[in-house]
Amino acid sequence: MKKEIINVSRRDFLITTGKAGAGMSLGFYLSGCRENISNEAPTSLMAAATEKLAQVPEVNAWVVIQPDDTVIIRIARSEMGQGTLTGLAQMVAEELECDWSKVTTEYPTPGQNIARDNVWRDFATGGSFGIRGSHQYVRKGGAVARHMLLEAAAEQWGVEMAECKVANSVITHVPSGRTITYGNVAAAAAELFPPEQIELKDPKDWQLIGKPVHRLDTDDKLNGKQIFAADLTLPDMLNASIKACPVFGGKLKTFDETKVSNMPGVRKVVAVHDDAVAVVADTWWQAKKALDALPITWSKGPNTNVNSASIDKMLDEGLTSKENVFVGNQIGDVSKALEGAAKVVEATYRYPFQNHATMEPMNATALWTKDKCEVWCPTQNGTASLHAAADAAGLPVSQCDVYKIHLGGGFGRRGAFQDYVKQVVAIAKQLPGIPVKLLWTREEDMAHGHYHPITKCKMRGGLDDKGNLTGLHVRISGQSILAAVNPGWMTNGADMFTFQGMLPKGDHSISYTVPNLLVDHAMRNPPVPPGFWRGVNINQNAIYMESFIDELAHAAGKDPLTFRQKLMVKHPEGLAVLNAVAEQAGWGKPAEKGVYRGLSVCKAFASHIAACAEVSVNEKGKLKIHRIVAATDPGYAVNPQQIEAQVEGSFVYGLSALLYGECTIKDGAVEQSNFHDYGSMRINEMPKVEVIVMPSGGFWGGVGEPTIAVAAPAVLNAIFAATGKRIRHFPLQGTNLLAS
Amino acid sequence: MIKLNVNGTVHTLDIDNDIPLLWVLREQLGLTGTKYSCGIGNCGSCTVHINGEAVRACVIPVSSLDSSKQIVTIEALSEDNRHPLQQAWKKLDVPQCGYCQSGMLMSAAALLNKIPRPSDEDIDANITNICRCGTFNRVRQGIHLAADINKRGRT
């Protein structure tokens, strides 16, 4: 990529001349990015924040510069740990040429975004899209602001703008050597029109993009000052605890509030929609205690006979069915290839329902009056939260707003699903003028997830007499996320997301060249709500594909690395990351005694990733994961040390899923209720992770999710190398890893 | 009436005996740095110190406490963000979402009090907190770095 010349819309200026409104300031104040916030005096702090902001006009929608040279960069995407806040700020600051040590950030509100004709564009934060989906327009925002600041300085000095340059927020008039800082010209710059065109830097000239700078949001996470939505306190706020019918599709029948209305602190017991009941009390603990004591009856609905075994049966039928089957990728004639194969290998895999289990349970706070509804919440999609709030409030969107707060984990749970927002508004609507905070218990969170979809996969591969792969049929049977969540995104009834990692082209294309290939999906939708989940379908699809490629290599009597390399000749970026991990891990050289290696590679969210795991399995069948070497090529690497953090973290999320992640269904409800029966990896199980970040340039790939896909298959292939046993059902918990 | 000594201040509170310490800290004293996540003493997000020991505040009824027990929360880990663990955490950019990190830091601080230079095995045995973002390797590095900072500080 060279320099990009970007047209600047006049609209960007015209709609940005208004000063930030109080609602916006409120959102900023609560975002906790900028101030040392205490919960004790929100009103006065709110007022202070409003006053402060009102005095400083923005240069443009992305940039506010205060007289003391503090640079406030506005971030539309949500920070949930993945580092997007820092990465996006780096991109604006790169073009702005400001002093990075004086950069802070704040969230605009989705309501302001709509009022200003979507000036900040997309608020959705998922699909590893934060940076790769906004890299161009945020850099443009920085570049336009720089231009206006330089122009303002030139005007002030009465010199040509071309004679001025800027570095680190200091503008210099080169011929005279005069200098002035951004803070001193920001007010004048705010009055100027933006340029009609702006040039973005050539990536080779980047100084801040690509640098492993520290995160901007760490300090308050070290001393308890970071306010998460679950921590929010507003004046006169009440607290709510909620229980929805544990059986999917069930409804609330009755509750006897007289049994709890005299309990300490209880203010009100309310039905929420048609399937839940909440107790509202002075404190959350009082609300929870009263809810536990509240007699409730449910109409359990049509799903009480649904259980894990019946779902399994449904999926089994799909493995060979011709009904409701969609094709994701087709090359040549796979039936013929399998018929003519010297050897056919067949295996069936199964991947379970899994909960996101964000550390911060679902929650939101709402204040409803007949004219206005405001919501404070952790959300991966502020705009979706706003629409959910307006819907539940019975008010136009223009009379509602949402104040985003850093998330205590998202993982896909807080984007498409705004159930907790709708609930809190429904509760607040029954207590007009009083802010209400709704916080789910962990048990509620486990019972009412939007679960990682369940699928099975039957793989059939044909080898010729030389051990070459001649044909591959991948039959996926199971749940479609889009059918449940976003039918509008489906393609002629097909859910193309189901085929992540196996598609002919795009961000999730297959990494191998197979002469005869059929990937199809028998859509089978059990009545358990599925959802996007960190990585989602690439997670199980990479397990299916990468385990089975290992099975084929074994059947062909070939080394798993060379078998893959041969199929990847036309996939040079994928091959490069695979070779990188093989080399660094020492593939082909002996490992420590008792330690075995496994490989995996794939393309996900437009990035190329590979992993090599080293494991041992002792005589009792106990697994130890010693070391993982991981490589990622995201095209451009904005902050290499944060990419490393995401890669390391992806192994925790991916391996927790592999080791422990399963929600089983009994009588139409999830059986697991908390971390004691829905386990998550701890530090003692964490392997050493060596991260190779190898950006090859020319494209933008994601980093928050891709590596999850290679975590499990690398370990599974290493377990096979160690034991000779191929594991095809997950999670591993409860499985005897030794050959039976 | 229950008397609690939290971060060096004695509070006299008119509250039910069965309230877990976590909710007294969060809702009565406004100390929201200590987090709720599981409520069953499993995940460690609510870890605080009682007389220097790491405990899970979500399963400790206040009735088991009195003002002789010194309770310390994340807000009082240091006065100035200069606790060796906070320095190490900052240097290594340990937190991701940060929700579990108060508990992680308090668990690590109790470990360093007990074992000034913990081995990897000591860390494995003592840090049992859940982190879903996956900060474990930086947590481990951070504890070792804090032990180094501590040592340098003393010599």
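At a glance:
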read-out	value
Close pairs from the stretch A:158-169: first among the acidic types (Asp, Glu), partner surrounded by 13 or more Cβ atoms within 10 Å (Cβ to Cβ), Cβ under 7 Å, at least 6 apart	A:Glu160/A:Ala154; A:Glu163/A:His173
So A:Ala229, is it open to solvent by less than 60 Å² (accessible area, probe 1.4 Å), within 14 Å of chain B (Cβ to nearest Cβ), in contact with a Cys (Cβ under 8 Å, 6 or more places away or on another chain) and modelled with pLDDT of 95 or more	yes
Cβ-Cβ under 8 Å pairs, at least 6 apart or on other chains, the stretch A:518-538 side touching a residue at least 12 places away in the same chain (Cβ under 8 Å) and among the polar types (S, T, N, Q), far side open to solvent by less than 10 Å² (accessible area, probe 1.4 Å) and assigned to a loop (DSSP other than H, G, I, E, B)	A:Asn525/A:Gln479; A:Asn525/A:Ser480; A:Asn537/A:Pro453
Some residue of the stretch A:377-396 being surrounded by fewer than 18 Cβ atoms within 10 Å (Cβ to Cβ) and farther than 19 Å from A:Ile427 by Cβ	yes
Criterion: at pLDDT 95 or above and over 29 Å from the mean Cα position of the chain (by Cα) - qualifying residue of A:Gly478, A:Gly433	A:Gly433
In the stretch B:114-142, residue surrounded by the most Cβ atoms within 10 Å (Cβ to Cβ) [restricted to those that are touching an Asp or Glu at 6+ places or on another chain (Cβ under 9 Å) and away from chain A (no Cβ under 12 Å)]	B:Ile115
The stretch B:85-103 - residue that is in contact with a Gly (Cβ under 7 Å, 6 or more places away or on another chain) and more than 7 Å from every other protein chain (Cβ to nearest Cβ) and, of those, surrounded by the fewest Cβ atoms within 10 Å (Cβ to Cβ)	B:Leu92
Filtered residue count, the stretch A:493-505, keeping only those that are touching a residue at least 40 places away in the same chain (Cβ under 8 Å) and out of contact with any strand residue (DSSP E or B) (no Cβ under 6 Å at 6 or more places or on another chain)	5
Members of the stretch A:702-730 that are under 14 Å from the mean Cα position of the chain (by Cα) and assigned to a loop (DSSP other than H, G, I, E, B)	A:Gly702, A:Val703, A:Gly704, A:Glu705
Odd one out for A:Lys336, checked against (1) farther than 30 Å from A:Asp465 by Cα; (2) open to solvent by 70 Å² or more (accessible area, probe 1.4 Å); (3) away from every other protein chain (no Cβ under 14 Å)	(1)
Single residue of A:Ala494, A:Ala428, A:Ala484 found to be in the same structural domain as A:Gly249 (by TED's automatic domain parsing) and either of a type outside the set (A, V, I, L, M, F, W, C) or more than 30 Å from A:Ala553 (Cβ to Cβ) (or both)	A:Ala428
Residues satisfying the stated conditions in the stretch B:16-61, i.e. within 11 Å of chain A (Cβ to nearest Cβ) and either surrounded by fewer than 19 Cβ atoms within 10 Å (Cβ to Cβ) or out of contact with any helix residue (DSSP H, G or I) (no Cβ under 8 Å at 6 or more places or on another chain) (or both)	B:Asp16, B:Asp18, B:Gln28, B:Leu29, B:Gly30, B:Ile40, B:Gly41, B:Asn42
Selection within the stretch A:397-415 - small (Gly, Ala, Ser) and surrounded by fewer than 20 Cβ atoms within 10 Å (Cβ to Cβ)	A:Ser398
Test: residue in the stretch A:196-219 that is open to solvent by less than 20 Å² (accessible area, probe 1.4 Å), at the interface with chain B (Cβ under 8 Å from one of its Cβ atoms) and at positive phi	no
Output for the stretch A:620-645, where each listed residue is within 14 Å of chain B (Cβ to nearest Cβ) and of a type in the set (A, V, I, L, M)	A:Ile625, A:Ile628, A:Val629, A:Ala630, A:Ile643, A:Ala645
Residue match in the stretch B:143-153 (condition: farther than 21 Å from B:Val48 by Cβ and either open to solvent by less than 20 Å² (accessible area, probe 1.4 Å) or within 10 Å of another protein chain (Cβ to nearest Cβ) (or both))	yes
Scan of the stretch A:163-177 for residues that are open to solvent by 60 Å² or more (accessible area, probe 1.4 Å) and either within 30 Å of A:Ile405 (Cβ to Cβ) or touching a strand residue (DSSP E or B) at 6+ places or on another chain (Cβ under 7 Å) (or both), ordered by number	A:Glu163, A:Lys165, A:Val174
A:Gly433 vs. criteria open to solvent by less than 10 Å² (accessible area, probe 1.4 Å) and either within 21 Å of A:Asp312 (Cα to Cα) or not in a strand (DSSP E or B) (or both)	no
Where A:Ala582 falls short, out of the listed (1) within 12 Å of chain B (Cβ to nearest Cβ); (2) in contact with a strand residue (DSSP E or B) (Cβ under 7 Å, 6 or more places away or on another chain); (3) more than 25 Å from A:Gly130 (Cα to Cα)	(1)
Cross-chain or 6+ apart pairs with Cβ under 9 Å, the stretch A:132-151 first and not assigned by TED's automatic domain parsing to the domain that holds A:Thr86, then at pLDDT 95 or above and not in a helix (DSSP H, G or I)	none
Hits in the stretch A:640-669 - residues which are at positive phi and of a type in the set (Gly, Ala, Ser)	A:Gly668
Filter result (open to solvent by 70 Å² or more (accessible area, probe 1.4 Å) and more than 33 Å from the chain's Cα centre (by Cα)) within the stretch A:293-322	A:Asn305, A:Thr320, A:Lys322
Any chance A:Arg524 is within 14 Å of chain B (Cβ to nearest Cβ) and modelled with pLDDT of 95 or more	no
Tabulated pairs, the stretch A:274-285, first more than 9 Å from chain B (Cβ to nearest Cβ), second assigned to a strand (DSSP E or B) and of a type in the set (Ser, Thr, Tyr), C-beta under 7 angstrom, 6+ apart or interchain	A:Ala278/A:Ser241; A:Val279/A:Ser241
Strands (runs of 3 or more DSSP E) contained in the stretch A:357-417 and holding at least 2 residues within 14 Å of another protein chain (Cβ to nearest Cβ) and of a type outside the set (A, V, I, L, M, F, W, C)	A:363-368
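Table: residues versus (1) assigned to a helix (DSSP H, G or I); (2) surrounded by fewer than 20 Cβ atoms within 10 Å (Cβ to Cβ).
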site: A:Ile543; (1), (2): yes, no
site: A:Ile549; (1), (2): yes, no
site: A:Leu552; (1), (2): yes, no
site: A:Lys570; (1), (2): no, yes
site: A:Glu573; (1), (2): yes, yes
site: A:Leu578; (1), (2): yes, no
site: A:Gly588; (1), (2): no, yes
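The values are calculated or read from the model by the stated rules, or taken from the named source; none is laboratory data. None of these values were measured; they are calculated from a predicted model. In this analysis, Cβ positions are derived from the backbone assuming ideal geometry, glycine residues included, and neighbour counts consider all displayed protein chains. Surface areas here come from the heavy atoms of the whole protein model, side chains and all, with no ligands, DNA or RNA. Shrake-Rupley method; radii C 1.70, N 1.55, O 1.52, S 1.80 Å.
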